[in-house]
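Report on the following structure.
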């Protein structure tokens, strides 16, 4: 039975504003941070507000976490929003937890203090879904908002 949710950040909760951009969001973030002083974060990135609405509905009943690859979550304007929804943000880069290794998910389940099969993880990368599943975590590939909305609707009843 699911007791907690872990969401990926890039291409799940956060997207590039430019729909033609398909590279790593943390790379875009680093390049902007290094080349522009005081740039407008929201000029380049957009949140998945529909998914955040669902997450907001889940929040009263479940602990919610983010497991992201880099450091984009530390941007002050994004951090303020994430802090409203999520208990904690884990960073593969900062916490030395490769997202494509099952040991990372076993470690997260220990930190969260739940058995792996009590956690639901949503990510857009098949390798991460495979690693989480190998650790015993229920993992769902984010393919589209409609798919995830339908999947998560079960938990909102």
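Here is how the numbers come out for the structure above:
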| quantity | calculated |
| --- | --- |
| Matching strands (runs of 3 or more DSSP E) fully within region 52-157 where at least 3 residues are under 14 Å from the mean Cα position of the chain (by Cα) and surrounded by fewer than 15 Cβ atoms within 10 Å (Cβ to Cβ) | none |
| Residues of region 12-49 that turn out to be under 17 Å from residue 93 (Cα atoms), in a loop (DSSP other than H, G, I, E, B) and out of contact with any strand residue (DSSP E or B) (no Cβ under 8 Å at 6 or more places or on another chain), as a count | 0 |
| Scan of region 1-11 for residues that are touching a strand residue (DSSP E or B) at 6+ places or on another chain (Cβ under 6 Å) and within 14 Å of residue 74 (Cα to Cα), ordered by number | 9 |
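Every number here is computed from the coordinates shown, using simple stated rules; none is lab data. Just so you know, these numbers come straight off a predicted model, no measurement behind them. Virtual Cβ from ideal backbone geometry, glycine too; neighbours counted across all protein chains shown.
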